[in-house]
């Protein structure tokens, strides 16, 4: 299972029960900030000769952060990933505990960097031109750093910033075989973010 390319990720927050009037502000102790990334990728590869290939990928990453003291939040992210191409299909899921710190510049502007360490497991299947199939499973441990600039309006915010992820460990196990080291990936990109708090 391989996916490595820079992407601009459109993030859609999963919101619920946001209070319209509160003495608290984003970053206050006790504030809960649910959100998440929903991303869709389409990749097409056209060689100098021969047929082109394409792949699609859908990534869902709901997140919840809880501020334990002023501006310091802990939480986590669930990772759900599915992709398919002409001959390959794969799926993966995982969990990433997170810690973040809100740096307010004004009532409407802040930076909210966060660090996550995520464990992910998945499976993939490759179909040969002869019709045969090859299956494998994979596990990885990755570090993820986000640093979005947030613009606040009431109990909602929107923003974006750089995103860096790199594998700390990557293993692949062919069907019926032994686990071997797999390619470690590093991805650098930009992600948008929309969310809220209550």
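Answer with yes or no whether residue 24 is part of a loop (DSSP other than H, G, I, E, B) and either crowded, with 16+ Cβ neighbours inside 10 Å or at pLDDT 80 or above (or both). Answer is yes for this residue. Evaluating residue 75 against the criteria (1) assigned to a strand (DSSP E or B); (2) under 19 Å from residue 194 (Cβ atoms); (3) modelled with pLDDT under 95 leaves one unmet condition, (3). Is at least one residue of segment 154-174 more than 22 Å from the chain's Cα centre (by Cα), surrounded by fewer than 16 Cβ atoms within 10 Å (Cβ to Cβ) and within 30 Å of residue 53 (Cα to Cα)? Within segment 154-174 (the criterion being more than 22 Å from the chain's Cα centre (by Cα), surrounded by fewer than 16 Cβ atoms within 10 Å (Cβ to Cβ) and within 30 Å of residue 53 (Cα to Cα)), the answer is yes, since at least one residue qualifies.
Kindly provide the set of residues from segment 163-183 that are assigned to a strand (DSSP E or B) and farther than 11 Å from residue 138 by Cα, ordered by number.
Start the filter on segment 163-183 by keeping residues that are assigned to a strand (DSSP E or B), which leaves 163-174, 180-181.
Within segment 163-183, 163, 164, 165, 166, 167, 168 qualify.
When segment 144-153 is filtered for residues that are surrounded by 15 or more Cβ atoms within 10 Å (Cβ to Cβ) and assigned to a strand (DSSP E or B), the ones remaining, listed by number, are 144, 146, 149, 150, 152. Using the structure shown, decide if residue 66 is under 19 Å from the mean Cα position of the chain (by Cα) and part of a strand (DSSP E or B). In short, yes. Can you spot a residue in segment 51-61 that is farther than 30 Å from residue 110 by Cβ, free of Cβ contacts under 8 Å to residues at least 40 places away in the same chain, out of contact with any helix residue (DSSP H, G or I) (no Cβ under 9 Å at 6 or more places or on another chain) and surrounded by 15 or more Cβ atoms within 10 Å (Cβ to Cβ)? The answer is yes; a qualifying residue exists.
Considering only residues that are surrounded by 12 or more Cβ atoms within 10 Å (Cβ to Cβ) and either farther than 22 Å from residue 96 by Cα or modelled with pLDDT of 90 or more (or both), which ones fall in segment 183-195? Break it down stepwise before answering.
Our first condition is that a residue be surrounded by 12 or more Cβ atoms within 10 Å (Cβ to Cβ); within segment 183-195, this holds for 184-185, 187, 189-195.
Of everything in segment 183-195, just one residue is surrounded by 12 or more Cβ atoms within 10 Å (Cβ to Cβ) and either farther than 22 Å from residue 96 by Cα or modelled with pLDDT of 90 or more (or both), namely 184.
Output yes when any residue across segment 124-137 is more than 15 Å from residue 63 (Cβ to Cβ), surrounded by fewer than 18 Cβ atoms within 10 Å (Cβ to Cβ) and under 19 Å from the mean Cα position of the chain (by Cα), and no when none is. No, the conditions are met nowhere in segment 124-137. Scoring residue 108 on the criteria (1) under 15 Å from residue 195 (Cβ atoms); (2) surrounded by 15 or more Cβ atoms within 10 Å (Cβ to Cβ) leaves a single failure, condition (2). Among residues of segment 96-105 being farther than 17 Å from residue 196 by Cα and crowded, with 19+ Cβ neighbours inside 10 Å, the one that is farthest from the chain's Cα centre (by Cα) is 98. Of all residues in segment 111-130, those that are in a strand (DSSP E or B) and under 19 Å from residue 194 (Cβ atoms) total 3. Condition check for residue 48 on (1) free of Cβ contacts under 8 Å to residues at least 60 places away in the same chain; (2) part of a strand (DSSP E or B): one failure, at (2).
Just wondering, is there one or more residues in segment 78-95 that are over 20 Å from residue 124 (Cα atoms), under 12 Å from the mean Cα position of the chain (by Cα), in a strand (DSSP E or B) and at pLDDT 80 or above? Lay out the reasoning, then the answer.
Here is the first cut: in segment 78-95, the ones over 20 Å from residue 124 (Cα atoms) are none.
For segment 78-95, residues over 20 Å from residue 124 (Cα atoms), under 12 Å from the mean Cα position of the chain (by Cα), in a strand (DSSP E or B) and at pLDDT 80 or above: absent.
The values are calculated or read from the model by the stated rules, or taken from the named source; none is laboratory data. All values reported here derive from a predicted model rather than from experimental measurement. Using ideal geometry, Cβ is built from the backbone for each residue, glycine included, and neighbour counts are taken over all protein chains shown.
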